[in-house]
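The values are calculated or read from the model by the stated rules, or taken from the named source; none is laboratory data. Small disclaimer: the values here were computed from a predicted structure and weren't measured. Here the Cβ positions follow ideal geometry from the backbone for every residue, glycine too, while neighbour counts run over all protein chains shown. We work out accessible area using only protein heavy atoms, side chains counted, and drop any ligands, DNA or RNA first. Shrake-Rupley method; radii C 1.70, N 1.55, O 1.52, S 1.80 Å.
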Amino acid sequence: MKISRRDFSRGCAIATTALVVGEALPVLAQVEGEHIDTSSKHPVPSIQDTETPAQKDARLKWFREARFGMFIHWGLYAIPAGRWNGQEVPGIGEWIMNRASIPVADYKALAPKFNPTQFNAAEIVGLAKEAGMKYIVITSKHHDGFAMFHSRVSTYNIYDATPFKRDPLKELAEACRKEGLKLGFYYSQAQDWHHPGGAAARTGHWDPAQDGSMDDYLDQVAVPQVKELLSNYGPISILWWDTPKDMIPSRVQKLLPLLKLQPDIVTNNRLDKDKKTGDFSTPEQKIPATGLPGEDWETCMTMNTTWGYKSFDEKWKSTETLLRNLIDIASKGGNYLLNVGPTSEGLIPAPSVERLEAIGRWMKVNGEAIYGTTASPFKELAWGRCTTKAEPQGATLYLHVFDWPRDGHLLLPGLKNEVQSASLLSGGARLAVEARDGGIQITTPASCPDPISSTVVLKVKGALDVRN
Ligand code: H79
(Lines give C-alpha, C1' and ligand atoms only; values in the text may rest on other atoms or scores of the structure.)
Protein backbone atom coordinates (compact mmCIF):
# COMPACT_ATOMS: atom_id res chain seq x y z
CA MET A 1 0.00 0.00 0.00
CA LYS A 2 1.07 3.50 -0.75
CA ILE A 3 1.62 5.58 2.32
CA SER A 4 1.80 9.32 2.66
CA ARG A 5 5.26 10.68 3.34
CA ARG A 6 4.76 14.38 3.07
CA ASP A 7 7.66 16.37 4.33
CA PHE A 8 6.91 18.59 7.25
CA SER A 9 9.41 20.10 9.56
CA ARG A 10 9.39 18.49 12.95
CA GLY A 11 10.84 21.42 14.83
CA CYS A 12 9.80 22.22 18.41
CA ALA A 13 7.46 19.29 18.68
CA ILE A 14 7.28 18.98 22.45
CA ALA A 15 7.48 22.57 23.61
CA THR A 16 4.20 22.42 25.45
CA THR A 17 3.80 23.37 29.08
CA ALA A 18 1.57 21.06 31.03
CA LEU A 19 -1.43 22.60 32.64
CA VAL A 20 -1.46 20.83 35.94
CA VAL A 21 -4.61 20.87 37.94
CA GLY A 22 -4.34 20.44 41.71
CA GLU A 23 -4.03 16.91 42.99
CA ALA A 24 -7.06 16.66 45.21
CA LEU A 25 -10.24 16.95 43.24
CA PRO A 26 -12.78 19.30 44.76
CA VAL A 27 -15.34 17.02 43.18
CA LEU A 28 -18.33 16.14 45.28
CA ALA A 29 -17.51 18.51 48.10
CA GLN A 30 -17.60 21.43 45.72
CA VAL A 31 -21.04 20.47 44.52
CA GLU A 32 -22.56 20.41 47.96
CA GLY A 33 -24.29 23.63 48.77
CA GLU A 34 -24.63 24.55 45.08
CA HIS A 35 -28.05 24.61 43.56
CA ILE A 36 -28.68 21.20 42.08
CA ASP A 37 -31.55 20.73 39.70
CA THR A 38 -33.59 17.89 41.19
CA SER A 39 -34.92 17.01 37.74
CA SER A 40 -31.36 15.99 36.87
CA LYS A 41 -31.26 12.88 34.75
CA HIS A 42 -27.73 12.03 35.83
CA PRO A 43 -26.82 9.76 38.72
CA VAL A 44 -24.41 12.37 40.04
CA PRO A 45 -24.19 16.07 39.30
CA SER A 46 -22.10 16.86 36.28
CA ILE A 47 -21.34 19.97 34.30
CA GLN A 48 -24.54 19.39 32.38
CA ASP A 49 -26.64 19.44 35.55
CA THR A 50 -25.25 22.51 37.23
CA GLU A 51 -25.26 24.94 34.31
CA THR A 52 -28.10 27.00 32.87
CA PRO A 53 -29.42 26.34 29.35
CA ALA A 54 -27.64 29.50 28.18
CA GLN A 55 -24.36 28.26 29.66
CA LYS A 56 -24.85 24.94 27.92
CA ASP A 57 -25.46 26.69 24.60
CA ALA A 58 -22.25 28.66 25.09
CA ARG A 59 -20.30 25.50 25.95
CA LEU A 60 -21.61 23.66 22.90
CA LYS A 61 -21.36 26.60 20.49
CA TRP A 62 -18.11 25.55 18.81
CA PHE A 63 -19.24 21.91 18.57
CA ARG A 64 -22.51 22.85 16.89
CA GLU A 65 -20.73 25.08 14.40
CA ALA A 66 -17.84 22.74 13.65
CA ARG A 67 -19.77 20.03 11.76
CA PHE A 68 -16.66 18.10 10.74
CA GLY A 69 -13.94 16.40 12.76
CA MET A 70 -11.22 13.76 12.46
CA PHE A 71 -11.33 10.56 14.47
CA ILE A 72 -7.95 8.86 14.92
CA HIS A 73 -7.79 5.19 15.92
CA TRP A 74 -4.20 4.42 16.67
CA GLY A 75 -2.64 1.83 18.92
CA LEU A 76 -0.65 -1.41 19.11
CA TYR A 77 -3.22 -3.07 16.82
CA ALA A 78 -1.65 -1.14 13.92
CA ILE A 79 1.28 -3.60 14.06
CA PRO A 80 -0.65 -6.82 13.33
CA ALA A 81 -2.82 -4.66 11.04
CA GLY A 82 -5.52 -7.32 10.88
CA ARG A 83 -3.35 -10.47 10.71
CA TRP A 84 -2.42 -12.84 13.53
CA ASN A 85 -0.20 -15.91 13.10
CA GLY A 86 -0.45 -15.46 9.35
CA GLN A 87 -4.27 -15.52 9.36
CA GLU A 88 -6.53 -12.66 8.38
CA VAL A 89 -8.70 -11.94 11.40
CA PRO A 90 -12.21 -10.81 10.50
CA GLY A 91 -13.76 -7.66 11.92
CA ILE A 92 -12.49 -4.23 12.88
CA GLY A 93 -8.72 -3.99 13.30
CA GLU A 94 -8.64 -2.63 16.86
CA TRP A 95 -10.63 -5.66 18.03
CA ILE A 96 -7.97 -8.16 16.92
CA MET A 97 -6.92 -9.04 20.49
CA ASN A 98 -10.51 -10.05 21.21
CA ARG A 99 -11.35 -11.68 17.89
CA ALA A 100 -8.21 -13.80 17.85
CA SER A 101 -8.35 -14.43 21.65
CA ILE A 102 -4.77 -13.25 21.95
CA PRO A 103 -3.36 -13.89 25.44
CA VAL A 104 -2.46 -10.75 27.36
CA ALA A 105 1.23 -11.61 27.43
CA ASP A 106 1.36 -12.22 23.64
CA TYR A 107 -0.40 -8.97 22.80
CA LYS A 108 1.81 -7.09 25.24
CA ALA A 109 4.83 -8.33 23.30
CA LEU A 110 3.80 -5.95 20.52
CA ALA A 111 4.80 -2.95 22.62
CA PRO A 112 8.60 -3.30 22.29
CA LYS A 113 8.09 -3.46 18.50
CA PHE A 114 6.07 -0.24 18.35
CA ASN A 115 8.30 2.55 17.08
CA PRO A 116 6.20 4.88 14.92
CA THR A 117 9.03 7.25 14.05
CA GLN A 118 7.11 8.67 11.07
CA PHE A 119 4.44 10.11 13.36
CA ASN A 120 4.25 13.83 12.82
CA ALA A 121 1.57 15.68 14.76
CA ALA A 122 1.95 18.87 12.71
CA GLU A 123 1.41 16.89 9.51
CA ILE A 124 -1.73 15.18 10.80
CA VAL A 125 -3.21 18.38 12.20
CA GLY A 126 -2.30 20.13 8.94
CA LEU A 127 -4.12 17.46 6.95
CA ALA A 128 -7.21 17.71 9.16
CA LYS A 129 -7.20 21.47 8.82
CA GLU A 130 -6.75 21.29 5.07
CA ALA A 131 -9.72 18.91 4.89
CA GLY A 132 -11.84 21.51 6.66
CA MET A 133 -12.04 19.62 9.92
CA LYS A 134 -12.41 21.71 13.06
CA TYR A 135 -11.53 19.13 15.68
CA ILE A 136 -9.67 15.89 16.27
CA VAL A 137 -10.55 13.02 18.60
CA ILE A 138 -7.81 10.43 19.18
CA THR A 139 -7.81 7.11 21.01
CA SER A 140 -5.91 7.75 24.23
CA LYS A 141 -6.63 4.17 25.31
CA HIS A 142 -8.73 1.70 23.36
CA HIS A 143 -10.20 -1.59 24.58
CA ASP A 144 -6.77 -3.23 24.39
CA GLY A 145 -5.80 -1.17 27.45
CA PHE A 146 -2.66 0.32 25.95
CA ALA A 147 -2.27 4.04 26.73
CA MET A 148 -1.10 6.14 23.81
CA PHE A 149 0.23 8.76 26.21
CA HIS A 150 2.82 9.00 28.98
CA SER A 151 0.76 7.69 31.86
CA ARG A 152 2.21 7.49 35.37
CA VAL A 153 -0.62 5.15 36.35
CA SER A 154 0.35 2.14 34.26
CA THR A 155 3.62 1.46 32.49
CA TYR A 156 1.56 -0.15 29.70
CA ASN A 157 1.87 3.03 27.67
CA ILE A 158 3.62 4.33 24.58
CA TYR A 159 6.25 6.26 26.53
CA ASP A 160 7.35 3.58 28.98
CA ALA A 161 6.72 0.34 27.09
CA THR A 162 8.02 1.15 23.61
CA PRO A 163 11.28 2.33 22.06
CA PHE A 164 9.39 5.38 20.73
CA LYS A 165 9.71 7.27 24.04
CA ARG A 166 7.46 10.11 22.93
CA ASP A 167 3.97 11.23 23.97
CA PRO A 168 1.95 11.66 20.76
CA LEU A 169 -0.97 13.19 22.64
CA LYS A 170 1.25 15.95 23.96
CA GLU A 171 2.56 16.58 20.44
CA LEU A 172 -0.97 16.63 19.02
CA ALA A 173 -2.19 18.98 21.74
CA GLU A 174 0.60 21.40 20.88
CA ALA A 175 -0.03 21.17 17.12
CA CYS A 176 -3.78 21.60 17.54
CA ARG A 177 -3.29 24.67 19.70
CA LYS A 178 -1.00 26.16 17.06
CA GLU A 179 -3.46 25.57 14.23
CA GLY A 180 -6.62 26.46 16.13
CA LEU A 181 -8.17 23.00 16.07
CA LYS A 182 -9.95 21.54 19.09
CA LEU A 183 -8.61 18.29 20.54
CA GLY A 184 -10.60 15.53 22.18
CA PHE A 185 -9.66 12.21 23.74
CA TYR A 186 -11.36 8.88 23.19
CA TYR A 187 -11.02 6.77 26.34
CA SER A 188 -12.32 3.22 26.72
CA GLN A 189 -13.42 3.45 30.33
CA ALA A 190 -15.16 0.09 30.77
CA GLN A 191 -13.49 -2.31 28.38
CA ASP A 192 -9.86 -2.95 29.12
CA TRP A 193 -8.53 -6.31 27.99
CA HIS A 194 -5.15 -5.80 29.64
CA HIS A 195 -5.62 -4.53 33.19
CA PRO A 196 -7.24 -7.06 35.57
CA GLY A 197 -10.90 -6.31 36.15
CA GLY A 198 -11.47 -4.39 32.94
CA ALA A 199 -14.59 -5.44 31.04
CA ALA A 200 -14.58 -7.49 27.86
CA ALA A 201 -17.81 -7.04 25.91
CA ARG A 202 -19.43 -9.84 23.93
CA THR A 203 -16.91 -12.63 24.67
CA GLY A 204 -16.01 -12.02 28.30
CA HIS A 205 -12.41 -12.60 29.46
CA TRP A 206 -10.38 -15.15 27.48
CA ASP A 207 -7.25 -15.07 29.63
CA PRO A 208 -7.22 -15.50 33.43
CA ALA A 209 -4.82 -12.54 33.54
CA GLN A 210 -7.83 -10.35 32.74
CA ASP A 211 -9.82 -11.45 35.77
CA GLY A 212 -10.25 -9.09 38.69
CA SER A 213 -12.52 -6.51 40.23
CA MET A 214 -13.97 -3.98 37.80
CA ASP A 215 -14.26 -1.44 40.60
CA ASP A 216 -10.59 -1.85 41.46
CA TYR A 217 -9.72 -1.43 37.77
CA LEU A 218 -11.79 1.76 37.61
CA ASP A 219 -10.26 3.13 40.81
CA GLN A 220 -6.69 2.20 39.97
CA VAL A 221 -6.52 2.66 36.20
CA ALA A 222 -9.44 4.42 34.51
CA VAL A 223 -10.04 7.17 37.07
CA PRO A 224 -6.40 8.21 37.50
CA GLN A 225 -5.73 7.98 33.75
CA VAL A 226 -8.70 10.18 32.93
CA LYS A 227 -7.39 12.60 35.55
CA GLU A 228 -4.08 12.65 33.72
CA LEU A 229 -5.76 13.24 30.39
CA LEU A 230 -7.81 16.13 31.74
CA SER A 231 -4.90 17.66 33.66
CA ASN A 232 -1.73 17.36 31.62
CA TYR A 233 -2.64 18.33 28.05
CA GLY A 234 -4.04 21.84 28.29
CA PRO A 235 -7.62 22.53 27.22
CA ILE A 236 -9.37 19.32 26.14
CA SER A 237 -12.55 19.88 24.17
CA ILE A 238 -14.14 16.41 24.04
CA LEU A 239 -14.10 13.29 26.12
CA TRP A 240 -15.32 10.47 23.91
CA TRP A 241 -16.28 7.49 26.07
CA ASP A 242 -17.07 4.13 24.48
CA THR A 243 -18.84 0.79 25.08
CA PRO A 244 -20.20 1.39 28.61
CA LYS A 245 -20.41 -2.29 29.50
CA ASP A 246 -21.39 -2.74 33.15
CA MET A 247 -21.18 1.01 33.74
CA ILE A 248 -23.79 1.15 36.48
CA PRO A 249 -24.44 4.43 38.37
CA SER A 250 -21.93 3.72 41.16
CA ARG A 251 -19.21 3.32 38.52
CA VAL A 252 -20.32 6.32 36.49
CA GLN A 253 -20.01 8.27 39.71
CA LYS A 254 -16.29 7.55 39.83
CA LEU A 255 -15.66 9.21 36.45
CA LEU A 256 -18.31 11.82 35.85
CA PRO A 257 -17.07 14.30 38.47
CA LEU A 258 -13.61 14.38 36.84
CA LEU A 259 -15.10 16.43 34.01
CA LYS A 260 -14.96 19.42 36.33
CA LEU A 261 -11.23 19.49 35.60
CA GLN A 262 -12.23 20.84 32.18
CA PRO A 263 -15.36 22.91 32.74
CA ASP A 264 -15.85 23.60 29.02
CA ILE A 265 -15.54 20.00 27.91
CA VAL A 266 -18.15 18.37 25.68
CA THR A 267 -18.83 14.66 26.15
CA ASN A 268 -20.68 11.94 24.29
CA ASN A 269 -23.41 9.73 25.73
CA ARG A 270 -21.37 6.55 26.12
CA LEU A 271 -20.19 6.89 29.72
CA ASP A 272 -23.09 5.12 31.43
CA LYS A 273 -24.86 2.02 30.24
CA ASP A 274 -28.19 3.81 29.91
CA LYS A 275 -26.74 6.67 27.85
CA LYS A 276 -28.16 9.19 30.28
CA THR A 277 -25.09 11.40 30.66
CA GLY A 278 -23.28 13.54 28.16
CA ASP A 279 -24.03 16.16 25.55
CA PHE A 280 -24.38 14.35 22.28
CA SER A 281 -25.58 11.08 20.75
CA THR A 282 -23.31 8.92 18.68
CA PRO A 283 -24.76 7.07 15.70
CA GLU A 284 -21.91 4.75 14.69
CA GLN A 285 -21.35 3.95 11.00
CA LYS A 286 -24.80 5.31 10.15
CA ILE A 287 -26.69 8.52 9.49
CA PRO A 288 -30.12 8.76 11.12
CA ALA A 289 -32.79 9.03 8.40
CA THR A 290 -34.34 12.21 9.78
CA GLY A 291 -31.54 13.34 12.09
CA LEU A 292 -32.12 13.36 15.85
CA PRO A 293 -34.42 16.33 16.41
CA GLY A 294 -33.89 18.07 19.74
CA GLU A 295 -30.53 16.39 20.30
CA ASP A 296 -26.95 17.22 19.52
CA TRP A 297 -25.38 14.34 17.65
CA GLU A 298 -22.32 13.19 15.80
CA THR A 299 -22.05 10.33 13.34
CA CYS A 300 -18.69 8.60 13.54
CA MET A 301 -17.66 6.61 10.50
CA THR A 302 -14.75 4.77 8.94
CA MET A 303 -13.39 5.54 5.46
CA ASN A 304 -12.93 1.85 4.68
CA THR A 305 -14.37 -0.83 6.99
CA THR A 306 -12.03 -0.63 9.97
CA TRP A 307 -11.12 1.97 12.61
CA GLY A 308 -7.67 0.68 13.49
CA TYR A 309 -5.34 0.16 10.52
CA LYS A 310 -5.71 -3.07 8.54
CA SER A 311 -3.21 -3.56 5.76
CA PHE A 312 -5.63 -5.47 3.51
CA ASP A 313 -8.80 -3.42 3.87
CA GLU A 314 -9.19 -1.75 0.50
CA LYS A 315 -12.92 -1.08 0.70
CA TRP A 316 -12.58 2.68 0.58
CA LYS A 317 -15.63 4.87 0.33
CA SER A 318 -15.40 7.31 -2.56
CA THR A 319 -14.80 11.02 -2.02
CA GLU A 320 -18.31 11.52 -3.40
CA THR A 321 -19.82 9.28 -0.73
CA LEU A 322 -17.82 10.88 2.08
CA LEU A 323 -18.62 14.41 1.00
CA ARG A 324 -22.29 13.68 0.45
CA ASN A 325 -22.37 12.05 3.89
CA LEU A 326 -20.99 15.25 5.39
CA ILE A 327 -23.60 17.33 3.57
CA ASP A 328 -26.39 14.89 4.47
CA ILE A 329 -25.38 15.03 8.14
CA ALA A 330 -25.16 18.84 8.17
CA SER A 331 -28.62 18.99 6.55
CA LYS A 332 -29.91 16.98 9.51
CA GLY A 333 -28.15 19.08 12.14
CA GLY A 334 -25.34 16.69 13.07
CA ASN A 335 -21.55 16.45 12.99
CA TYR A 336 -19.39 14.04 10.99
CA LEU A 337 -16.44 12.46 12.79
CA LEU A 338 -14.50 10.77 10.02
CA ASN A 339 -11.88 8.20 10.96
CA VAL A 340 -8.29 7.64 9.94
CA GLY A 341 -6.22 4.69 11.13
CA PRO A 342 -2.49 5.45 11.08
CA THR A 343 -0.02 2.64 10.46
CA SER A 344 2.49 1.28 12.96
CA GLU A 345 4.94 3.79 11.49
CA GLY A 346 2.59 6.62 12.38
CA LEU A 347 1.43 7.44 8.85
CA ILE A 348 -2.07 8.01 7.59
CA PRO A 349 -2.75 5.64 4.66
CA ALA A 350 -2.51 7.33 1.25
CA PRO A 351 -6.15 6.59 0.24
CA SER A 352 -7.29 8.50 3.34
CA VAL A 353 -4.96 11.40 2.59
CA GLU A 354 -6.20 11.64 -1.01
CA ARG A 355 -9.83 11.70 0.08
CA LEU A 356 -9.26 14.26 2.81
CA GLU A 357 -7.43 16.52 0.38
CA ALA A 358 -10.28 16.24 -2.14
CA ILE A 359 -12.84 17.01 0.57
CA GLY A 360 -10.70 20.01 1.55
CA ARG A 361 -10.76 21.38 -1.99
CA TRP A 362 -14.56 21.24 -1.93
CA MET A 363 -14.73 22.77 1.54
CA LYS A 364 -12.58 25.75 0.49
CA VAL A 365 -15.30 26.71 -1.98
CA ASN A 366 -18.38 25.46 -0.12
CA GLY A 367 -17.47 25.50 3.57
CA GLU A 368 -19.74 28.47 4.20
CA ALA A 369 -22.67 26.15 3.41
CA ILE A 370 -21.56 23.65 6.11
CA TYR A 371 -20.06 25.47 9.11
CA GLY A 372 -22.48 27.07 11.53
CA THR A 373 -25.51 25.91 9.57
CA THR A 374 -28.70 24.38 10.91
CA ALA A 375 -30.89 21.56 9.63
CA SER A 376 -33.01 21.59 6.51
CA PRO A 377 -36.65 22.73 6.81
CA PHE A 378 -37.62 20.42 3.92
CA LYS A 379 -38.72 16.82 4.44
CA GLU A 380 -37.11 15.66 1.24
CA LEU A 381 -35.46 17.20 -1.79
CA ALA A 382 -35.23 15.00 -4.86
CA TRP A 383 -32.03 16.64 -6.09
CA GLY A 384 -29.96 16.93 -2.92
CA ARG A 385 -29.88 18.56 0.51
CA CYS A 386 -30.37 21.92 2.19
CA THR A 387 -28.68 23.68 5.12
CA THR A 388 -29.78 27.00 6.57
CA LYS A 389 -28.58 30.01 8.51
CA ALA A 390 -30.93 32.39 10.27
CA GLU A 391 -30.19 36.06 9.60
CA PRO A 392 -31.52 39.09 11.47
CA GLN A 393 -34.10 39.90 8.77
CA GLY A 394 -34.47 36.57 7.03
CA ALA A 395 -32.57 33.40 6.25
CA THR A 396 -30.01 31.94 3.93
CA LEU A 397 -30.70 28.56 2.40
CA TYR A 398 -27.78 26.63 0.99
CA LEU A 399 -28.99 24.22 -1.65
CA HIS A 400 -26.59 21.33 -2.07
CA VAL A 401 -27.34 20.02 -5.53
CA PHE A 402 -26.19 16.40 -5.95
CA ASP A 403 -28.10 15.89 -9.22
CA TRP A 404 -27.70 18.99 -11.34
CA PRO A 405 -30.99 19.65 -13.21
CA ARG A 406 -30.96 18.65 -16.86
CA ASP A 407 -33.99 20.80 -17.62
CA GLY A 408 -32.43 23.91 -16.06
CA HIS A 409 -34.94 24.13 -13.21
CA LEU A 410 -34.48 23.47 -9.53
CA LEU A 411 -37.69 23.28 -7.50
CA LEU A 412 -37.99 24.06 -3.80
CA PRO A 413 -41.36 22.63 -2.88
CA GLY A 414 -43.47 24.45 -0.30
CA LEU A 415 -41.14 27.42 0.28
CA LYS A 416 -43.41 30.41 0.94
CA ASN A 417 -40.88 33.14 1.74
CA GLU A 418 -40.23 36.12 -0.46
CA VAL A 419 -36.92 35.55 -2.21
CA GLN A 420 -34.23 38.21 -2.17
CA SER A 421 -31.65 36.55 -4.36
CA ALA A 422 -30.34 33.28 -5.71
CA SER A 423 -26.76 32.72 -6.81
CA LEU A 424 -24.09 30.11 -7.27
CA LEU A 425 -21.76 29.97 -4.27
CA SER A 426 -18.81 29.33 -6.57
CA GLY A 427 -18.32 32.43 -8.73
CA GLY A 428 -21.45 34.19 -7.47
CA ALA A 429 -23.45 34.19 -10.75
CA ARG A 430 -27.00 35.39 -10.12
CA LEU A 431 -29.84 33.00 -10.95
CA ALA A 432 -33.44 33.80 -11.89
CA VAL A 433 -36.18 32.80 -9.45
CA GLU A 434 -39.95 32.54 -9.77
CA ALA A 435 -42.84 31.29 -7.66
CA ARG A 436 -44.09 27.99 -9.10
CA ASP A 437 -46.18 24.97 -8.06
CA GLY A 438 -46.61 26.24 -4.50
CA GLY A 439 -42.88 26.70 -4.11
CA ILE A 440 -39.87 28.41 -5.66
CA GLN A 441 -38.24 27.55 -8.95
CA ILE A 442 -34.65 28.53 -9.68
CA THR A 443 -33.25 28.63 -13.20
CA THR A 444 -29.86 26.95 -13.32
CA PRO A 445 -27.11 27.10 -15.95
CA ALA A 446 -26.53 24.06 -18.15
CA SER A 447 -23.09 23.22 -16.85
CA CYS A 448 -22.80 21.66 -13.43
CA PRO A 449 -20.28 23.54 -11.24
CA ASP A 450 -19.27 20.47 -9.19
CA PRO A 451 -20.13 16.86 -10.04
CA ILE A 452 -20.23 15.89 -6.36
CA SER A 453 -22.31 18.77 -5.04
CA SER A 454 -22.87 22.34 -6.24
CA THR A 455 -24.13 25.00 -3.88
CA VAL A 456 -26.88 27.49 -4.69
CA VAL A 457 -27.29 30.30 -2.15
CA LEU A 458 -30.86 31.45 -1.69
CA LYS A 459 -31.55 34.51 0.46
CA VAL A 460 -35.11 34.95 1.67
CA LYS A 461 -36.96 37.51 3.79
CA GLY A 462 -38.56 36.79 7.16
CA ALA A 463 -38.58 33.62 9.21
CA LEU A 464 -38.48 30.43 7.16
CA ASP A 465 -41.91 29.29 6.05
CA VAL A 466 -41.93 25.87 4.46
CA ARG A 467 -45.06 23.78 4.10
CA ASN A 468 -44.29 20.21 3.14
O1 H79 B 1 -13.67 2.49 18.56
C2 H79 B 1 -14.52 1.97 17.56
C3 H79 B 1 -14.90 0.56 17.86
O4 H79 B 1 -13.81 -0.24 18.20
C5 H79 B 1 -15.82 0.74 19.00
N6 H79 B 1 -16.47 2.01 18.75
C7 H79 B 1 -15.87 2.60 17.61
C8 H79 B 1 -15.87 4.11 17.68
C9 H79 B 1 -16.74 -0.37 19.11
N10 H79 B 1 -16.69 -1.24 20.05
N11 H79 B 1 -17.66 -2.09 19.90
N12 H79 B 1 -18.32 -1.76 18.85
C13 H79 B 1 -17.79 -0.69 18.31
C14 H79 B 1 -19.46 -2.47 18.35
C15 H79 B 1 -19.25 -3.90 18.54
C16 H79 B 1 -18.80 -4.63 17.48
C17 H79 B 1 -18.66 -6.03 17.65
FE18 H79 B 1 -17.44 -7.19 16.77
C19 H79 B 1 -19.41 -7.01 16.98
C20 H79 B 1 -17.87 -6.67 18.59
C21 H79 B 1 -18.01 -8.06 18.42
C22 H79 B 1 -18.96 -8.28 17.42
C23 H79 B 1 -16.65 -6.12 15.24
C24 H79 B 1 -17.06 -7.32 14.78
C25 H79 B 1 -15.71 -6.36 16.25
C26 H79 B 1 -15.56 -7.69 16.33
C27 H79 B 1 -16.40 -8.28 15.43
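Looking at the stretch 245-257, is at least one residue within 16 Å of the ligand (Cβ to nearest atom) and closer than 16 Å to T139 by Cβ? Checking the stretch 245-257: not a single residue is within 16 Å of the ligand (Cβ to nearest atom) and closer than 16 Å to T139 by Cβ.
Going residue by residue through the stretch 385-393, is there one that turns out to be surrounded by fewer than 20 Cβ atoms within 10 Å (Cβ to Cβ), in a strand (DSSP E or B) and of a type in the set (S, T, N, Q)? No, the conditions are met nowhere in the stretch 385-393. Of the residues making up the stretch 228-250, those that are assigned to a helix (DSSP H, G or I) and farther than 20 Å from S151 by Cβ are P249, S250. Do we have L356 as of a type outside the set (D, E, K, R), within 20 Å of V460 (Cα to Cα) and open to solvent by less than 20 Å² (accessible area, probe 1.4 Å) here? When the stated conditions are applied, L356 does not pass them. Against the definition (touching a Cys at 6+ places or on another chain (Cβ under 9 Å) and either more than 10 Å from the ligand (Cβ to nearest atom) or of a type in the set (F, W, Y) (or both)), how does F71 come out, yes or no? The answer is yes for F71.
Residues that are at pLDDT 95 or above and within 13 Å of the ligand (Cβ to nearest atom) were ranked within the stretch 193-205; the one that is nearest to V252 (Cα to Cα) is A199.
The C-beta contact set for the stretch 64-83 (first residue among the hydroxyl-bearing types (S, T, Y), second residue within 14 Å of the ligand (Cβ to nearest atom), distance under 6 angstrom, 6+ apart or interchain) comprises Y77/G93; Y77/E94; Y77/I96; Y77/G308.
State the number of residues belonging to the stretch 282-309 that are open to solvent by 20 Å² or more (accessible area, probe 1.4 Å) and within 16 Å of the ligand (Cβ to nearest atom). If you could, list the steps in order and put the result at the bottom.
So the first thing to find is which residues in the stretch 282-309 are open to solvent by 20 Å² or more (accessible area, probe 1.4 Å), and the list is 284-290, 292-296, 305, 309.
The next check asks that each one be within 16 Å of the ligand (Cβ to nearest atom); those that pass are 284-287, 305, 309.
Qualifying residue count, the stretch 282-309: 6.
Those residues that are open to solvent by 10 Å² or more (accessible area, probe 1.4 Å) and not acidic (D, E), I need them from the stretch 213-230; list them, please.
Of all residues in the stretch 213-230, those open to solvent by 10 Å² or more (accessible area, probe 1.4 Å) come to 213-216, 219-221, 223-224, 227-228.
Hits for the stretch 213-230 are S213, M214, Q220, V221, V223, P224, K227.
The set of residues from the stretch 355-375 being in contact with a helix residue (DSSP H, G or I) (Cβ under 8 Å, 6 or more places away or on another chain) and either farther than 18 Å from S426 by Cα or not in a helix (DSSP H, G or I) (or both) comprises R355, L356, E357, I370, Y371, G372, T373, A375.
For the stretch 131-148, does any single residue satisfy the condition of being more than 21 Å from L218 (Cβ to Cβ), surrounded by fewer than 20 Cβ atoms within 10 Å (Cβ to Cβ) and either under 25 Å from the mean Cα position of the chain (by Cα) or within 16 Å of the ligand (Cβ to nearest atom) (or both)? Scanning the stretch 131-148, I find no residue that is more than 21 Å from L218 (Cβ to Cβ), surrounded by fewer than 20 Cβ atoms within 10 Å (Cβ to Cβ) and either under 25 Å from the mean Cα position of the chain (by Cα) or within 16 Å of the ligand (Cβ to nearest atom) (or both), so the answer is no. When the residues of the stretch 35-68 are narrowed to those that are at pLDDT below 60 and small (G, A, S), which ends up nearest to the ligand (Cβ to nearest atom)? The selected residue is S40.
K182 meets each of the listed conditions (1) in contact (Cβ under 8 Å) with a residue 24 or more places away in the chain; (2) in contact with an Asp or Glu (Cβ under 6 Å, 6 or more places away or on another chain) apart from (2). Restricting K275, K315 to those that are assigned to a loop (DSSP other than H, G, I, E, B), at positive phi, without any contact (Cβ under 8 Å) to a residue 60 or more places away in the chain and within 16 Å of the ligand (Cβ to nearest atom) reduces the list to K275.
Take the stretch 76-103 and flag every residue that is near the ligand (Cβ under 10 Å from one of its atoms) and closer than 15 Å to V340 by Cα. Within the stretch 76-103, Y77, I92, G93, E94 qualify.
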